[in-house]
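The values are calculated or read from the model by the stated rules, or taken from the named source; none is laboratory data. Source: prediction; values computed, not measured. Methodologically, a virtual Cβ is constructed for each residue, glycine included, from the backbone with ideal geometry; neighbour enumeration extends over all protein chains shown. Remember, those area values only see protein heavy atoms, side chains included, never the ligands or the DNA or RNA. Shrake-Rupley method; radii C 1.70, N 1.55, O 1.52, S 1.80 Å.
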Amino acid sequence: MAMSGAPLLKSDAAPAPPPSFRLPIAWVAAGAVFVLFWLYAKPVWPAAFEYPKTHVVKLAKWISAAMKWLIDEASFGLFSFTDFTRFVSAVLDVPYTLAASLLSTGFLEGSGSSAIQIVPPLPCVAVIGLVMLLGHWLGGISLALLAGGCFLFLAVFGQWTSAMITLASILVAAPLGVVFGLLFGIAAWRWRWVERVIAPVLDLMQTIPVFAYLVPVLFLFGFGPTAAVIATLIFATPPMTRIAILALRAVPSEIIDLGNMVGCTDRQMTWRVMVPAARESLMVGMNQVIMLSLNMVIIASMIGAGGLGFDVLAALRRLDFGAGLEAGFAIVALAIAMDRLSQAAAEKLSAPAAGNQTSGLVARHPHLAAALGLVLITVVLGYAVPAIHTYPEALQLSTGTFWSEVVAWININYFDALEAIKNTMLLNVLIPFKRFLGDLPWLGVTAFLGFAGYRLGGWRLALLTVCLPLFIAVTGQWEKAMITVYLCGISAAIAALIGVPIGILSATRDRIWSGVQVAIDTLQTLPSFVYLMPAVMLFRVGDFTAMIAVVAFAVAPAIRYTALGIRKVDPRLIEAGRAMGCTEWQILTRIRLKLALPEILLGLNQTIMFALSMLVITALVGTRDLGQEVYIALTKADTGRGLVAGLSIAAIAIVADRLISAGASHTRRRLGLE
Amino acid sequence: MTTPEARLVCRNVWKLFGADAAAFLAQHNGRPEAAAIARAGLVGAVRRVDLDVHEGEIFVIMGLSGSGKSTLVRLMSRLIEPSGGDVLFKGENLLKLSQSRMIEIRRHQMGMVFQHFALLPHLTVLDNVAFPLDIQGMNRPAREARAREMIDLVGLNGKESAFPRQLSGGQQQRVGIARSLAVEPEIWFLDEPFSALDPLIRREMQDEFMRLQTKLHKTIVFITHDFDEAIRLADRIAIMKDGEIVQAGTPEEIVLTPATSYVAEFTKNVARAKVIRTRSLMVPADSGSVEGPVVSARSTIADAAPLFLDGVAHLGVTDDAGELIGRLDRETVVALMLQG
Ligand SMILES: Nc1ncnc2c1ncn2[C@@H]1O[C@H](COP(=O)(O)OP(=O)(O)OP(=O)(O)O)[C@@H](O)[C@H]1O
Ligand SMILES: [Mg+2]
């Protein structure tokens, strides 16, 4: 498909008008055919509008049956599949229990409510101190204060126990995710066939919404923190794998030659040459894995991860905004601390260690020594002074009631205004659009997508853009898929309407841009759960609330890509524009925006991906789309239903992604940027 | 002159990039024409190369960008598998060796210096230089002692605990040189070692390189795209174009009798006196028959000329052992210098 522009022009140059003219005509014709079909075909061919129920393929049932077989009967000779899953859980349970005991529950004797604590967990002062020492070692005093402040916040606002449970899950899942991702990455780098197998799996895993992972994990590993750790691992490993492959590929070929010339064996080549040479990029991956783990651990509260995610979830179910918001703030504090610490770690560990000549164990490792001392002293003192051990309840602040009151106040004073906004949007935009999409013939939509795929990327893309919608229709999900498209489409559109102008305004003003950048960076480190709380508080459950949360989550990439695209425009072109006497407005519209268009399209693509992934989470506030389908499957542990719905969401994501990417590279070619 | 022993021999070596290159080569009896290669959509990076590198000489491969130099030197060390042909190292066909034997040879008998230095960013200068020894499994004190010796040799004392990114380009390449010499290789490959350096530093590094070679007498394959560098350093030069060697010979042969117009284009602006060595212009003479100052048979005329300023009519010419082997007359030198 990699045709270069020149021969393409030559082959059909003579009579045909230039491509920029030909294109709209074909599109308009296809659009007209589609509209005619939509308006007049219904009486003649109803099956094209509503997929016949009798022909629905019961894929969900089959998958569920297969899973059941897997659990009940499948066996590998010596041991059954259930033995295998039990074994995995048991293995992961060891580090998790250790981390959780150390940080939160203490070491217990016995189980359940009759358990007796034999050794208490680490004192909260010790944990805060350790975090500060870590911050100091990695990034100096300011990082120490920031990290310590975030953890102190957890203690002061009474979120300590939950936060430590969440932290324990991350401490187990993130390192394992890094290790597995690295190993997969190395395997893919070393053996081509591994890469061929892994690449499509990675692509798919990136688009399947997180909830969909939870269902089979819940089914296979049961409800509880270990299952949550497994789900987190499955979620966080693919990005690390991807980063590892890219990082290893980016190692200069000379370094590989060097490894061979000094006579490295394969193993030496991997561990002594490649991995160290790639470690800067690998460290970036580590940061990402930690942040993804945090996001997932929060979501995995639905299958028993406990911790802060559970608090938010429980608060949502009770509609207790105060409690939910507090837990939400705690998540934000934890996220900021983990993000800054892991970023500093990445920087510190990828820069070569300075030679340390001082002798003596303590002198060489002052931070380690201080940490050990701190733990010893606080543990001993903790027995004598309880305040050192657990942050005294009397000093805890609870903003829960405060926030509940704020919400109540807002609702009393602005209820009408908020309702009015909500209803206007619902009546004038959301509902009509939903009806419109629901009305469309699935066959016509599929055909039109196929046409778009063909125009933008050739028959291969067309095949994809026909088959995936067909999958949705054939498995009987068309209606729910259209609701998904409607919510996602509107949210992405609004996010773009907000994000693109902000991107344009901030791109050319350095000072504003650096502020905006910090804001969107922070927004992106927040787990998606956090976005739900404020929206629910103001607008209660429903499509509009979901939309607000999705917009808040998805606006960051729209801003980022727009601004980056504009900032990337060659300054010489701008100068040339000025020299020709363009006004600022002309420079913006004729030069900047035009050249940044491919980038903006990619940003739109990301916005849609973000919106889709958030949409599934908004199932919690009662939408009726595929996300809800996954959520219901989750509560019923119905693997087939969850997976099919998850795959359908992935199908939507893939179609949108491929079409927009093809469109972007099409535009780029037309602008001569490629 | 006795013919020196050939250390490294390439026989009809080919490297075609693209699908099924070996099959294509076999179809064309191992000698396809350039047009056929292009038609098949392959890249003929190295074509029908025959050459031998002698013990203790500096063999320079010169060619413009994309002429296949890097590919050729990687074929010689079997970093790349040739599409066809043989590479003999000390009589052993490298292409037939097992992987473990190849590792053995690379560990103990080959060294390579890279254009972009290829230093490991996470290791100090000392650890970088000791790295090949570490890979061989040498213990720490032994390898560090050896590495320090090498660092001394290239004049980097005091920088042992610096990291590559803290060094200048010239210093980094000194580390690369020290590292490649740490294993005492029998053949030393240098792929454009000085191309990434500023002209002044490059000049300094060339001198340094010559100083090392007079000490070490390695067998060297040196890659460059700079003709001046080639004639400065080479005992023999092979000139490459589009993957083929168009001419191979001593700098004098190449300058005096360029084989093609392509070669002549390079030699056009080269001052003869800087290329021609005293050995080629001297009249044979018996030891003791010439009085006065002497020059080495390896020096160029340009180097010898200043000695005539004292008014002597001829110089004695000595071989590497310091024995007088000939006489260089003032008139011959003046005649050559006047030609330019
Ligand atoms: N892995 C490869 N795949 C395909 N073609 C290659 C590959 N490596 C080199 N080539 C081609 O082989 C030819 C010779 O490349 P080579 O790197 O040997 O040139 P060079 O003389 O070292 O050039 P330079 O001075 O730029 O380093 C070039 O046309 C290059 O494009
Ligand atoms: Mg090269």
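A few comments on the model shown:
- From the list A:A619, A:A645, A:A633, A:A611, the one residue that fits, being within 26 Å of A:A558 (Cβ to Cβ) and either crowded, with 24+ Cβ neighbours inside 10 Å or within 15 Å of the chain's Cα centre (by Cα) (or both), is A:A611.
- Of the listed requirements (1) within 14 Å of chain A (Cβ to nearest Cβ); (2) more than 16 Å from ligand 1 (Cβ to nearest atom); (3) at positive phi, B:R78 misses just one: (2).
- Meets criteria (within 12 Å of another protein chain (Cβ to nearest Cβ) and either of a type in the set (A, V, I, L, M, F, W, C) or open to solvent by 20 Å² or more (accessible area, probe 1.4 Å) (or both)) for B:V87: no
- Identification of helices (runs of 4 or more DSSP H) wholly contained in the stretch A:351-449 with 1 or more residues that are modelled with pLDDT of 75 or more and open to solvent by less than 70 Å² (accessible area, probe 1.4 Å) yields A:366-384, A:400-425, A:431-439.
- Checked against the criteria, A:L138 does not count as within 16 Å of A:A371 (Cβ to Cβ) and at pLDDT below 85.
- Residue that is farthest from ligand 1 (Cβ to nearest atom) [pool: residues in the stretch B:179-193 that are outside any strand (DSSP E or B) and acidic (D, E)]: B:E184
- Yes/no for B:D198 being open to solvent by 40 Å² or more (accessible area, probe 1.4 Å), under 22 Å from B:K69 (Cβ atoms), among the acidic types (D, E) and within 16 Å of ligand 1 (Cβ to nearest atom): no
- Residues that are open to solvent by 60 Å² or more (accessible area, probe 1.4 Å) and more than 27 Å from A:E347 (Cβ to Cβ) occur at least once in the stretch B:153-162.
- Selection status of B:G137, away from ligand 2 (no atom under 16 Å from the Cβ), modelled with pLDDT of 90 or more and more than 9 Å from chain A (Cβ to nearest Cβ): yes
- Residue check for B:Q115: within 13 Å of chain A (Cβ to nearest Cβ), in a loop (DSSP other than H, G, I, E, B) and touching a strand residue (DSSP E or B) at 6+ places or on another chain (Cβ under 8 Å): yes
- Of everything in the stretch B:7-25 that is open to solvent by 70 Å² or more (accessible area, probe 1.4 Å) and free of Cβ contacts under 8 Å to residues at least 40 places away in the same chain, the residue that is nearest to ligand 1 (Cβ to nearest atom) is B:F17.
- Helices (runs of 4 or more DSSP H) lying entirely in the stretch A:204-279 (those with 2 or more residues that are at pLDDT below 90): A:210-221, A:225-249
- Sole residue being under 11 Å from A:A337 (Cα atoms) and open to solvent by less than 20 Å² (accessible area, probe 1.4 Å), chosen from A:G129, A:G148: A:G148
- The C-beta contact set for the stretch B:312-340 (first residue of a type in the set (S, T, N, Q), second residue in a strand (DSSP E or B), distance under 8 angstrom, 6+ apart or interchain) comprises B:T318/B:V294; B:T318/B:V295; B:T318/B:S296; B:T318/B:L324; B:T318/B:I325.
- Per-region count, the stretch B:39-57, residues in contact with a Gly (Cβ under 8 Å, 6 or more places away or on another chain) and exposed (fewer than 13 other Cβ atoms within 10 Å of the Cβ): 1
- A count restricted to the stretch A:219-259 and to residues that are among the hydrophobic types (A, V, I, L, M, F, W, C), more than 20 Å from the chain's Cα centre (by Cα) and either open to solvent by 20 Å² or more (accessible area, probe 1.4 Å) or not assigned by TED's automatic domain parsing to the domain that holds A:P276 (or both) stands at 6.
- Where a residue in the stretch A:505-529 is free of Cβ contacts under 8 Å to residues at least 12 places away in the same chain and of a type outside the set (F, W, Y) and its partner, wherever it lies, is in a helix (DSSP H, G or I) and surrounded by 15 or more Cβ atoms within 10 Å (Cβ to Cβ), with Cβ under 6 Å and at least six apart: A:I512/A:S506
- Inter-residue pairs, beta-carbon under 8 Å, first open to solvent by 10 Å² or more (accessible area, probe 1.4 Å) and within 12 Å of ligand 2 (Cβ to nearest atom) and in the stretch B:177-194, second in a helix (DSSP H, G or I) and not charged (D, E, K, R), 6+ apart: B:E192/B:S70
- Residues of the stretch A:523-536 satisfying the condition of being open to solvent by 30 Å² or more (accessible area, probe 1.4 Å) and under 14 Å from the mean Cα position of the chain (by Cα): A:L523, A:Q524
- Within the stretch A:487-506, the presence of at least one residue that is touching an Asp or Glu at 6+ places or on another chain (Cβ under 8 Å) and part of a helix (DSSP H, G or I) is confirmed.
- Selection status of B:A304, within 16 Å of ligand 2 (Cβ to nearest atom) and either closer than 24 Å to B:G56 by Cβ or of a type in the set (V, I, T) (or both): no
- Every listed requirement among (1) away from ligand 1 (no atom under 16 Å from the Cβ); (2) more than 13 Å from chain A (Cβ to nearest Cβ) is met by B:L64 save one, (1).
- In the stretch B:222-236, residue nearest to ligand 1 (Cβ to nearest atom) [restricted to those that are in a strand (DSSP E or B) and β-branched (V, I, T)]: B:I223
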